[in-house]
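Following: one structure in structure tokens, then a few remarks.
The values are calculated or read from the model by the stated rules, or taken from the named source; none is laboratory data. Since we're looking at a predicted model, the values are computed, not measured. Please note: Cβ atoms are built from the backbone with ideal geometry, for glycine as well, and neighbour counts cover all protein chains shown.
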Amino acid sequence: MTDAPDDITPLSVSVASRVAREKISGWKSFWLEGEIAEWKPWKDIVFFTMKDATAQLQCKIEGALVASETEPYKAGDKVRLYGRFDFWPKNGEMKFLAEAIRREGLGDFLVKIEELRVQLQSEGLFDDSRKVPLPKFPRCIGLITSKDSDAEKDVLVNARNRWADVQFRTIHTAVSGAAAVAQIPAAIAELDADPTVDVIIIARGGGAFLELVAFSDEQIVRAAAASVTPIVSAIGHENDRPLLDEVADLRASTPTDAAKRVVPDVAADLAEIDQLRARGRQVTVTLITHQVDRIRQLASRPVMASPLAYLERHENDLVNLSYRGSTLVTAQVQQTADRLHGLRGALRTLSPQNTLDRGYAIVRDADGRVVNTTAGVTSGDVLSLRVADGDINATAN
């Protein structure tokens, strides 16, 4: 090759790139092992990133080679690839062209996350009973996110569009890597200790799997679980939910969604109040109109138009009933009096006094016993004679 590099003659970028491609393309195919860090299907090709503890590598594979997989590949899967390197001089990019892929199981990160998930779940940190409802009208919102990030702008803009007077206390932290693990728990504790903060949003605008691993770190998750102030997780990653989503009091799909769910839409609430007022006014008017019509109907009845006429129709009946009642009572009294007079006459006829009035007397001996035969008396006995008007003492001969 005439334009091969030497120690003296400089090469142009184009020539150097072509030489590099010839060298790299000449390498044989080989097996490569690592963990998928990002998996992005696009049309008939899948672009993905492989990584290990110290390096990352851009790869691609034909979509048809993974179409038959029952379980789609995803970030965190540990796999083996068979293929070769290729180099694109136009943009100076090198990729590994995979000709085959074999699944080796979950990556180390996912294994650790799943183990931690099981442990935290057994402790009850994911239970719905621990989740605190968000305040309807928060006085101040705590926001944990990276400085000047799209996530911060999305939360602030959408929140203030819904409620212009909403207040924020923002703490800027790293949102990936070891720095995030160190800074975010401290920010949660600081905002939780502030009595003016009613709710805390932890926001990041999504990202690759490796960039979100920090939000599954035990320190961050336990700090969120220990917070008395409600926590909203707005990491913005749908495929692999970080553990922070599980322990948070509310999971928002994006920072924008978090702003809309934390801050009330004041304009919409005022419009709803106006609608409720209008409905209440209409219901009241309808009710009053109905009652007025009912009163008019009642007032139009004859009894309401002339109440005395109704009474006059029953006046004669009342007089007749009163007369009949008086007559019946008088007759009953007279009948009872006549009967009483008859009983009195009969009683008088049967009375012993009536017999005495006719000249008879009742004779009693000294012991008060009635003497009704001569055999019961001897000469000299003291007797008492009851006559009509009194007693007479006598002595038997």
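Would you be able to tell me the number of residues in region 188-202 that are in contact with a Gly (Cβ under 8 Å, 6 or more places away or on another chain) and among the aliphatic types (A, V, I, L, M)?
Number satisfying all stated conditions: 5.
Could you look through region 13-44, keep only residues that are free of Cβ contacts under 8 Å to residues at least 24 places away in the same chain and of a type in the set (V, I, T), and pick out the one that is surrounded by the most Cβ atoms within 10 Å (Cβ to Cβ)?
V19
I201 is checked against (1) within 25 Å of the chain's Cα centre (by Cα); (2) farther than 25 Å from A164 by Cα and fails just one. What number does that condition carry?
Among (1) within 25 Å of the chain's Cα centre (by Cα); (2) farther than 25 Å from A164 by Cα, the lone unmet condition for I201 is (2).
Is at least one residue of region 194-209 buried (at least 20 other Cβ atoms within 10 Å of the Cβ) and farther than 30 Å from R139 by Cβ?
yes
Exactly one of (1) within 22 Å of P242 (Cα to Cα); (2) within 35 Å of the chain's Cα centre (by Cα) is unmet by R139. Its number?
(1)
Mind checking whether some residue in region 172-193 is without any contact (Cβ under 8 Å) to a residue 24 or more places away in the chain and charged (D, E, K, R)?
yes
What residue, among those in region 45-71 that are charged (D, E, K, R) and exposed (fewer than 13 other Cβ atoms within 10 Å of the Cβ), is farthest from L110 (Cα to Cα)?
This residue is E69.
What are the pairs with Cβ atoms under 8 angstrom where one residue, in region 344-369, is on the phi > 0 side of the Ramachandran plot and the other, located anywhere, is of a type outside the set (V, I, T)? Sequence gap at least six, or different chains.
Within 8 Å, the pairs are G359/A388; G368/S384.
Looking at L191, L243, which is the one that is among the aliphatic types (A, V, I, L, M), closer than 27 Å to V111 by Cβ and touching a Ser or Thr at 6+ places or on another chain (Cβ under 7 Å)?
L243
Let me confirm something: among I8, I24, which residue is of a type outside the set (K, R), at pLDDT below 90 and under 15 Å from E93 (Cβ atoms)?
I24
So A223 fits all but one of (1) within 21 Å of L125 (Cβ to Cβ); (2) surrounded by fewer than 17 Cβ atoms within 10 Å (Cβ to Cβ); what number is the exception?
If we test A223 against (1) within 21 Å of L125 (Cβ to Cβ); (2) surrounded by fewer than 17 Cβ atoms within 10 Å (Cβ to Cβ), just (2) comes out false.
Go through region 1-100 and tell me which strands (runs of 3 or more DSSP E), entirely inside it, have 1 or more residues that are assigned by TED's automatic domain parsing to the domain that holds S216 and under 30 Å from K112 (Cα atoms).
Passing ranges: none, list empty.
Wholly within region 212-321, which helices (runs of 4 or more DSSP H) include no fewer than the required count, namely at least 1 residues that are under 23 Å from V157 (Cβ atoms) and free of Cβ contacts under 8 Å to residues at least 12 places away in the same chain?
Helices (runs of 4 or more DSSP H) meeting the threshold: 266-299.
Search region 170-187 for residues being of a type outside the set (A, V, I, L, M, F, W, C) and surrounded by 15 or more Cβ atoms within 10 Å (Cβ to Cβ), and hand back the single one that is farthest from K153 (Cα to Cα).
Checking each candidate, the answer is P185.
Being closer than 23 Å to T229 by Cβ and of a type in the set (S, T, N, Q) narrows it down to one of S122, S146, so name that one.
Of the residues listed, the single one that is closer than 23 Å to T229 by Cβ and of a type in the set (S, T, N, Q) is S146.
Can you work out which of the residues in region 347-375 that are touching a strand residue (DSSP E or B) at 6+ places or on another chain (Cβ under 9 Å) and part of a helix (DSSP H, G or I) is nearest to D389 (Cα to Cα)?
L356
Test L156 against the stated conditions and say whether it is outside any strand (DSSP E or B), assigned by TED's automatic domain parsing to the domain that holds R204 and over 22 Å from A226 (Cα atoms).
The answer is yes for L156.
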